[in-house]
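Taken together, the values in this text are just the output of simple stated rules run on the coordinates, not laboratory data. No experiment lies behind these values; they were computed from the predicted model shown. Glycine gets a Cβ as well: all are built from the backbone with ideal geometry, and neighbour counts include every protein chain shown.
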Amino acid sequence: MALKQELIDIVGPKHVRDDVETLEKYSKDHSIVQARRPSYVVYPKNTNEVQSLVKLANNYKIPLVPRSSSIGFYGAGIPLQGGIVVDLTKMNKIIEVDAKNKKVQVEPGVTWEQVQTELGKQELIVSSPLLPHPQKSALTSALEREPIVIPKSEYGETLLTGEVVLPNGELFWLGSALGKGLKGRKFPEGMIPSTRAFTGAQGTLGILTWANIKLEYSPKMDELFFIPFAKAEDLIEPIYKIQHRMLGRECLVLNNLNLANILCEDWPDEFQLLRKNLPQFTLILCLYGLDRRPAERIAYEREALMEIASELHFEVLSSVGGKPGIGKIMLNKLRNPWDKEEYWKFRYKGSCLDIFFHTTLNRVPEFRRVLFELAAYHNYSTQDIGFYLQPLEYGRACYCQYNLYYDPNDDIGKEKVKNFYLQASEEIINMGGFFSTPYGPWAEMVYRRSGAYSYVARIFKDAVDPNNIMNPGKLCF
Amino acid sequence: MTETNIAEMHETIYKGLVDVLGAENVSDDPAVLQSYSRDYNWRTVLTGGARPEFIVLPGSTEDIQQIVKLANRYKFPYSIFGSGFHMPLPRGGKRYWCMMSPQRMNKVEIDEQNMYAIVEPYVTFAQLSAEAMKRGLHVGTPICGSQASVLANHLFMGYHSTSYRTGYSPANILGSQWVLPNGEILRTGSLANPKCGYFWGEGPGLSLIGLFKALAGSFGALGTATKLAVKLFPWPGPQSLPTEGITPSKKCELSDDKFRWYMFTYPTLEKAINAMYEIGKAELGLVLLKWPTIWFAWYAAKSREEYMKDWTEEYWQKYTKNCVEVCISALSSRKQMQYEEKVLMEIIQETGGQIVSKDVYRKWVPFNANNRFRDSYGPRFNRIGGAFGEVHLVWDSLDDPLSSLPPAFEIADKHTPPFIDHDNCDNVWPVHLLTGALSELDFPVEKNVESCEEQAKAAIESVEHDMKKGYLTWLSITAPLSSTGPAYSNLHLIMAKIKKSLDPYNLANPTRLIDMDAMEKGSGGALFH
Amino acid sequence: MIQIKTKSLPSDDYYRKYYWDFRKDAWNCSRCACCKWIDTWEVKSARFAGTCPSSGRYKFDAYSCQGRLDIALALIDGKLSYEESPKLLDIYYQCDTCGACDVSCKRSQDLQPLNVMLEVRAKLVKDGQILPAHKAVIDGLKKENNMLQKSAADRGKWAKGMNIKNLTKEKAEFAYHAGCLLSFDEGLWPVARAGIEVLKSAGVDIGIMGASEMCCGGRAYDMGYRDEFYRLADLNEKALKKAGVKEVITSCADGYRAFKVLYPEAGKQVEVQHIVESVYSLMKSGKIKLNKEVPLTVTYHDPCRLGRLSKPYVPGEPIDGVYEPPREILRAIPGVKLVEMERIKEYAWCCGAGGGVKEAYPDFSIWTASERIEEAKATGAEAIVTACPWCEKNFKEAVAQKGDKIKVYDVIELVKAAL
């Protein structure tokens, strides 16, 4: 009880919860990670409160688990060893928008919906992952290196600088923010350990209390194309060619299941129709123009695209699937978070397990083959597998996501999917698929194979978290 | 320890190294050691340099592992370098220093389709660029010259002349392999999974490469990199650079239908920066730089006399003050060039830019501009006085130089003479399509003790100023963390723990990243050795 | 913005207007590493990017120009002594003195690192630090005025049966200087003989000194034996003056550079042209007509002393040499297809024979030549063609050792075949 009082002293009575309903809610998310309950959930409002919480946790040697979003998909926010969940959603200020220097300073509780709405007023946009949940923290997406739908940049991450409360309670700044004197404070590199070292850490290295995220100027003009393919093998060369010539902005591939899921307004009838009419795979590419002569820019890129299409014999269409206005609809979806109440991944069957990894484009077909073989083995219909392929950095690599849809109320089905998911993940790793962000059960699979990586990671962790209080049990900690 | 003990230990270590590497790959001959005792740096002028005690030529990661394990057995310090422009010279009065000379580790492999190269420490930018260009790719080039080591440059600093497009080096590192100070092998990025290869740099989980490299690297003090994958980028140019003429009067001109250069000046730095903002906003160009007049002068001059003549007649000062340089290229198509040229001209006009005369253009572009793609003349900066000084090198927003440069000018001005005239050297180099920019103030220094002592004073003043104001600059981040850490969130305490865990005997390039001896005594240690 | 009020320039004149100063040149080496690589703009592959055979073979930086400058500085400043370094002589003599490092350095600096290294060699010799292999050669030179330890009396035998003027008895406009190697290496006599035949066919008034011909002294200079060089320079100047020739024509790049560059520095005057210059000029004036087909794909190797070392250094001026005439000659021969190696002209890789290396480190010499042969083979050429007997000999030995099929010629041999 002394602990509870101390928590109340820090954040105030209204911002400490330990009722069963709340604790249950924070014990799980949409992943298969085993549910574990925290002892408390606290809602700090500023950096001072966060710092005090961290110092308190060190005194008590009690775990802290930071969460910036009210929804979780991969288990990172589940308190594996109990402790205190630090819900940062109340720290939700957009502190500063600096259009000139292409950055927006946000607190961790700022959601995608919030930031895109605010920036949209100034014709600005943060490059986002594919259809993030509207309540997902934009800062967390950047911190966890979620791939964005725009492969035209040579720097996948959008996280620039930030302020971290280290697990030892000290304040630290990332990138050039470590030097406080300059007004910019936005360069993503500073002294070692760099910003990079803190990314993908699933909250084990500290609590980010604000970050500068890179924003872009909204295009003035767009032209969206749909390029249909029947086979996965046929996608590869066109993507390489398009990306190596640096054409376009948004560029991604969705299979008919996912695309129908995303586009469908009238569930379920329209969904079935779209699924039937859409090509097996659609490469979606958006050409764009900025402030200056946008139409001319689009024109030369379109011409280059048509050259490639002619050379490789693929079609370039303004519409697919027979859906009117699909271009505009898709464009809107690519530049905004999901806009319906039920998240798109839960529409089809109620829930979904995602397998995602990085590889090179030329290897995509072989991973697909193996996954489908395993699906057959586990009696899981390949028709129920969603596919999303995100080229990265001008085609240098790609992010491959397979969505295993399932009914959460069907226990047998759920178990089947879980087994399929686990075996497929092992197999993908064995084949050389790279799990850059090893959530949940992937952590053991990845770090078991990573040699001295976990040894050095633990040394870093020990240096900043000697009492191992920050989200223990995640990654290799 | 007596002289006899020292001699015996020397012999023991020497024999151990010979057993591991073979006699032809080990030397303790004083003449051989002498050739590793100094570098270009003003610090070396003041200290007189320092000979290591052993030079070894490892041929592989496994060789380095064995050397490191031997070092742990006999507790001798070791270091490694790239091309040797910056030498990890023995410091702190430590004996038995073993320096690894990387000449035998010179393999390069390119994955053309997925645009990356895997390099060992002794592969130069020129070599990689040549192999990449044959395959329609290119690699950024540093302004110290393309004879620099790709691996070392990416891990040390790594600003490249195309960084506006190709980014600053930490963003260009993919998988990497290191020998830790305990002799174990660390693999980062996708390489951490044995089957994945080198193609991706982040993770798994937290990106440990961020522990070894940020703005600057870790100077080999946390581990020795033996293989690095670096990004390559699409190259619309020819398979080899077309040249004309004979050294030092060479031309290198790329075809006008694929590459075009533009140089235009402004009355003030602020206006030049504003123009760069507009160019970046419009996403034009493959190269965008704002060079100071002295850089034009020392790149262009083919001799000291030519430099002196042009400088004292103020040629470059007159014609390239606040000069913005842009190269547009046919990355997507030739029509892209037509579009970009149109838009660029609009921007130049709107922002009040003055395109340089044909004479200035002809004096510069055919002979120098393509150094941006493969730098051949970077080392010319040492011609004017024999040495090179700096007081300012900051990465942040593109407009930060407007506030961060003036204090640097004051410091440099205070020490001029003996610093050599630099006409307010104000380099502004954007990174990542304006994610940020590097601004730099450097100048020639006469390579004598008096001038270098002055440089030392200026460097200390600069670092103290940086720490007080909270600037994060090259000098402050490359000085030992034991001295500067207190001004930057006590970073030195974190790094000391990491260093202690990874390198309990303090053998890997000791004192350079952090002076552990000083930390143990409770002092910060010297700012510069 | 703060303006610098005074123009602050270097106090030492050395930085304002370059002059030769041994210590200052060594001091101002900035360790940029350019000396290990060819001009980076010219690099066309990772394989053929190196420029220094010595550092390429022996790896340690001591064997590079930069390393030797560090050592030179330490010797001057008393930080290193001969006694403490068993490797010192090897370090300094395992170098062809080809000047490739010097050219690379001059791309961005106004230094003369080759001169520094040659000065150190002269000092080593003066201080009695002698390589036994060189001693034997120099002893022979002192006795017989040639570098091959052969009898002076046999020097003119290569010309036996040829109707050539003897300049000790007759007058001619030009003196053909065969050089030591062509004079005594029977395998290379066809080159000297072809040279005479080609010149005579074009009506050139040529004679030879025969057994009275003496070594130019160039190789002795490079090995550090300055006294021997000055002695021979003096003798040669006198002999050629006495012979009354207008100019010397030579097939030997060593001789060419000695007469052209080293002699004036020693205060001696001998006008010289290389035979490829002569042939080129005769071709242009129509006195040589290349009519016969010689179907051969060739690549041309630039000898160092005919190329980058063939002119005195002027800061800022191109490191020019006789690059185009031999190429023009080859292009003019019907049936010959000229393909270029990656390292050519002022940044050509050395053949390995110069600087006393052939005499003292034959393995290293052949290794260097083998590297060049690999580069030649990579072009697809059937033959490597050069304009120096030392290069030719070394390439032939390297080819024989490896059992390669590529042929080795002198330019003049192809010219003769095309007449």
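Simple spin-label model, 7 Å along Cα-to-Cβ: B:Ser403 to C:Gln401 in nm?
6.6
For chain B, what does -39500 (n - 2.57) per DSSP helix run (n ≥ 4), summed and divided by total residues, give at 222 nm, in deg cm²/dmol to the nearest 500?
-10500 deg cm²/dmol
Ratio to report: Rg/Rh of chain A, with Cα atoms as the point set and Rh obtained by the Kirkwood method; give two decimals.
Taking Rh as the inverse mean 1/r over Cα pairs, Rg/Rh reads 0.96.
Using only helices, what value at 222 nm comes out for chain A when you add -39,500 (n - 2.57) per DSSP H run of length 4 or more and divide by the total residues, to the nearest 500 deg cm²/dmol?
When only DSSP H runs of four or more count, the value is -10500 deg cm²/dmol.
For the stretch C:123-128, what does the Karplus curve 6.51 cos²θ - 1.76 cosθ + 1.60, with θ = phi - 60°, yield as ³J(HN,Hα) per residue in whole Hz, taken in order and with x for Gly and Pro?
5, 4, 5, 4, 8, x
Report the calculated FRET efficiency for C:Glu340 and C:Lys150 (r = Cβ-Cβ distance, R0 = 45 Å), to the nearest 0.05.
0.80
Which value, in debye to the nearest 20, gives the size of the charge dipole of the stretch C:133-281 about its Cα centre, when Lys and Arg are +1 and Asp and Glu are -1 at the Cβ?
340
About its Cα centre, how strong a charge dipole does chain B have in debye, to the nearest 20, once Lys and Arg get +1 and Asp and Glu get -1 at the Cβ?
With Lys and Arg at +1 and Asp and Glu at -1, about 920 debye.
In degrees, nearest 10, range 0 to 90: what is the angle between the Cα axis of helix A:364-377 and the longest Cα principal axis of chain A?
Orientation of helix A:364-377: about 80 degrees from the principal axis.
What is the set of long-range amide H partners of C:Asp410 at a cut-off below 5 Å, with H atoms built 1.01 Å from backbone N?
The list, which skips near neighbours in sequence, is C:Thr386.
Which translational diffusion coefficient, to the nearest whole µm²/s, is obtained for chain B from the Stokes-Einstein equation, given a Kirkwood hydrodynamic radius over C-alpha pairs, 4 °C and 1.567 mPa s?
The diffusion coefficient I find is 54 µm²/s.
Along the Cα-to-C-beta direction of B:Arg135, a point sits 7 Å from the Cα; which residues of the stretch C:30-68 have their amide N less than 13 Å from that point?
Under 13 Å, as judged by backbone N against the label point of B:Arg135, lie C:46 of the stretch C:30-68.
Please work out how much length the chain gains when fully extended from C:Gln129 to C:Glu324, using 0.36 nm per residue of separation minus the C-alpha to C-alpha distance, in nm with one decimal.
66.2 nm
Once the Cα atoms of the stretch C:289-418 are picked out, what are the Rg and Dmax in Å?
Expressed in Å, the Cα Rg and Dmax of the stretch C:289-418 come to 14.6, 44.
Quick one: Karplus J couplings for the stretch B:209-217, per residue in order, coefficients 6.51, -1.76, 1.60, θ = phi - 60°, nearest Hz, x for Gly and Pro?
Each residue of the stretch B:209-217 in turn: 4, x, 7, 9, 8, 10, 5, 10, x Hz.
Helix B:3-21 versus the longest principal axis of chain B: what angle, 0 to 90°, nearest 10, using Cα atoms?
Here the helix axis deviates by roughly 70 degrees.
Would you kindly work out the equivalent ellipsoid of the stretch B:149-217 from its C-alpha gyration tensor and give its semi-axes, the square roots of five times the eigenvalues, largest first in whole Å?
21, 14, 10
Any idea which of B:Ile13, C:Gln66, B:Asn368 is furthest toward the positive side of the dipole for the protein assembly as shown, if Lys and Arg beta-carbons carry +1 and Asp and Glu beta-carbons -1?
Checking the options against the dipole of the protein assembly as shown, the answer is C:Gln66.
Using a simple spin-label model with points 7 Å from Cα along the Cα→Cβ vector, what separation in nm is obtained for C:Lys242 and B:Lys309?
Result for the modelled spin labels: 4.6 nm.
Report the calculated FRET efficiency for B:Glu112 and B:Ser240 (r = Cβ-Cβ distance, R0 = 22 Å), to the nearest 0.05.
The value I calculate is 0.85.
Under a plain spin-label model, where a point goes 7 Å from the Cα along Cα-to-Cβ, how far apart in nm are B:Lys521 and A:Thr382?
7.0
From the residues C:Ser81, C:Val103, C:Tyr93, which one has its Cα farthest along the dipole of the stretch C:13-126 in the positive direction, the dipole being from +1 and -1 charges on Cβ of Lys/Arg and Asp/Glu about the Cα centre?
C:Val103
So what is the diffusion coefficient of the stretch C:133-281 in µm² per second by Stokes-Einstein at 37 °C and 0.692 mPa s, using a Kirkwood Rh over Cα pairs?
Estimated via Stokes-Einstein, D reaches 217 µm²/s.
Let me know the charge dipole size of chain A about its Cα centre in debye, to the nearest 20, where only the beta-carbon of Lys, Arg (+1) and Asp, Glu (-1) is charged.
Rounded to the nearest 20 debye, it is 940 debye.
Which translational diffusion coefficient, to the nearest whole µm²/s, is obtained for the stretch B:67-182 from the Stokes-Einstein equation, given a Kirkwood hydrodynamic radius over C-alpha pairs, 37 °C and 0.692 mPa s?
212
Grab the DSSP H runs of chain C that are 4 residues or longer, score each as -39,500 (n - 2.57), total them, divide by all residues and round the 222 nm result to the nearest 500 deg cm²/dmol.
That calculation yields -12000 deg cm²/dmol at 222 nm.
Just to confirm my numbers, what's the Cα centroid distance between the stretch B:28-49 and the stretch A:383-401 in Å?
Between the Cα centre of the stretch B:28-49 and that of the stretch A:383-401, the gap is 52 Å.
Cut-off 17 Å, label point 7 angstrom out along Cα-to-Cβ of A:Asn409: give me the residues of the stretch A:347-361 whose amide nitrogen falls inside.
Inside the label zone: A:347-352.
Given N residues in the stretch B:384-529, what is Rg(Cα) / (2.2 N^0.38 Å)?
My calculation over the Cα atoms of the stretch B:384-529 gives 1.13.
Would you mind getting the Kirkwood hydrodynamic radius of the protein assembly as shown from its Cα pairs, rounded to one decimal in Å?
34.3
I need two numbers for the stretch C:13-126: Rg to one decimal and Dmax as a whole number, Cα atoms only, in Å.
Over the stretch C:13-126's Cα set, Rg and Dmax evaluate to 14.0, 43 Å.
Using θ = phi - 60° and the Karplus relation 6.51 cos²θ - 1.76 cosθ + 1.60, list the HN-Hα couplings for the stretch A:213-224 in order, rounded to whole Hz, with x at every Gly or Pro.
Going residue by residue, I get 10, 6, 10, 10, 7, 5, x, 7, 8, 9, 9, 9 Hz, with x marking Gly and Pro.
Can you give the angle from 0 to 90° between the axis of helix A:453-464 and the longest principal axis of chain A, with both taken from C-alpha atoms, to the nearest 10?
Tilt of helix A:453-464: around 40 degrees.
Can you give the net charge of the other residues whose Cβ lies under 12 Å from the Cβ of C:Ser104, counting K and R as +1 and D and E as -1?
Value of the local net charge: +1.
Using modelled backbone amide H atoms (1.01 Å from N, in-plane), which distant-in-sequence or interchain residues come within less than 5 Å of A:Val164's amide H?
Long-range HN contacts for A:Val164: A:Phe172, A:Trp173, A:Leu174, A:Thr209.
Nearest 0.05, what FRET efficiency do A:Lys276 and B:Lys258 give at R0 = 45 Å with Cβ-Cβ as r?
Calculated value: 0.45.
Taking amide H positions as placed 1.01 Å from N in the peptide plane, with prolines and chain starts having none, which residues 5 or more places from B:His392, or on another chain, fall under 5 Å of its amide H?
Here B:Leu441 satisfy the definition.
Counting only the backbone N, which residues of the stretch B:155-184 are under 18 Å from the spot 7 Å out from the Cα of B:Lys69 toward its beta-carbon?
Only B:178-184 pass the distance filter.
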